[in-house]
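Since the structure comes first, as structure tokens, the remarks are kept for the end.
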Amino acid sequence: IPLMVQKSDGGYGYDSTDMAALKYRLFDVGAKRTIYITDYSQADHFKMCFAAAELIGWVEPGVHRLEHIGFGTVQGEDGKRFKTRSGETVRLVDLLDEAVRRQEEGLAERIEANTAGITRDMLHETACALGYGAVKYFDLRRNPTTNYIFSYDRMLDLKGNTAIYLLYAHARLESIMRKAKERHGVDVDDLVKPGSAARIVIGHPSERNLAVNLQMFADTIETTLEDLYPYHICDFLYGAATAASEFVTQCKVLGSPEMESRLLLCRATTVVMRQCFELLGIKAVYRI
């Protein structure tokens, strides 16, 4: 199908309006990098628009970048487009509300069993952070061009590559740093102040593994800025959280001779994790 800027009857269609919008963005707005995000089925349409703009001379090589990011379809367990039982399109707000509801139920049970790190007045806010974060992360951790099956069970899994696992890992590190202050009188905020003699000293293999993972943060951001796929950040975040969990499992932090160094490593990890959460639009939680 050719690109039709004007139809034979003198009319205009999507090709016309998208070309006009592209010209406006290049010349009036002065955009150097223009990114279109639509359903992946529109990929060929935008390729033709971009090619036409280059042929016309609107695009200056090395100065302008025109890109299209297509996203796939959310499917149900049956592999078909995700819909309600009545056949209607599922609203995003309903997905978010259900994720929050499930988290509220789980947190309420933990509070009743006295195994939660939060009180009842913190329940809804924490459930919102977990539920909203779970839905966002489940979508962002995949290549956007592929279809995926929506599943609350996989999305809210505590052990898989999910926002729930990541937020729990972050809260665990924060808990360790709080206990260091409460039980040992060591405040990590003092350790990072200018003039502090505290340093990170890498000794145990799990410490090295975590430090190496954290060093990959800058490269991850560069890669993401280049191809605009947020799943790079998700992969990095999951790798860092896994390495952190291994570190605190294998290395004693509180009361150990290496406590100050290991607390600094915990702090460095949470700082990087929160930066990733912010980039993904996920609210970090400090207690669960």
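The values are calculated or read from the model by the stated rules, or taken from the named source; none is laboratory data. The model shown is predicted, which means the values in this text are computed figures rather than measured ones. Neighbour counts are summed over all protein chains in view; Cβ atoms, including those assigned to glycine, are modelled from backbone coordinates with ideal geometry. Accessible surface areas use protein heavy atoms only, side chains included; no ligands, DNA or RNA. Shrake-Rupley method; radii C 1.70, N 1.55, O 1.52, S 1.80 Å.
Structural remarks
- Taking the criterion of being touching a residue at least 12 places away in the same chain (Cβ under 8 Å) and of a type in the set (Ser, Thr, Tyr), the residues of the range 16-40 that qualify are Ser16, Thr34, Tyr36, Thr38, Tyr40.
- Only residues that are modelled with pLDDT of 90 or more and either among the hydroxyl-bearing types (Ser, Thr, Tyr) or not in a strand (DSSP E or B) (or both) were counted in the range 47-79, giving 18.
- Every residue from the range 10-46 that is part of a strand (DSSP E or B), charged (D, E, K, R) and open to solvent by 70 Å² or more (accessible area, probe 1.4 Å): Arg33
- Cross-chain or 6+ apart pairs with Cβ under 7 Å, the range 106-118 first and on the phi < 0 side of the Ramachandran plot, then part of a loop (DSSP other than H, G, I, E, B) and open to solvent by 60 Å² or more (accessible area, probe 1.4 Å): Gly117/Arg287; Ile118/Arg287
- Checked against (1) open to solvent by less than 50 Å² (accessible area, probe 1.4 Å); (2) modelled with pLDDT of 95 or more, Asn161 passes all but condition (2).
- For beta carbons closer than 9 Å, sequence separation of 6+ or different chains, a first residue in the range 214-240 that is farther than 24 Å from Ile164 by Cβ and a second that is among the basic types (Lys, Arg) and open to solvent by 20 Å² or more (accessible area, probe 1.4 Å), there are no qualifying pairs.
- Top-ranked residue of the range 140-158 - restricted to ones that are without any contact (Cβ under 8 Å) to a residue 60 or more places away in the chain and crowded, with 19+ Cβ neighbours inside 10 Å, ranked as nearest to the chain's Cα centre (by Cα): Met155
- Whether a residue is open to solvent by 30 Å² or more (accessible area, probe 1.4 Å) and part of a loop (DSSP other than H, G, I, E, B) was assessed, and Lys179 does not pass this test.
- Per this entry, Ala244 is counted among residues that are outside any loop (DSSP other than H, G, I, E, B) and either in contact with a Ser or Thr (Cβ under 8 Å, 6 or more places away or on another chain) or open to solvent by 70 Å² or more (accessible area, probe 1.4 Å) (or both).
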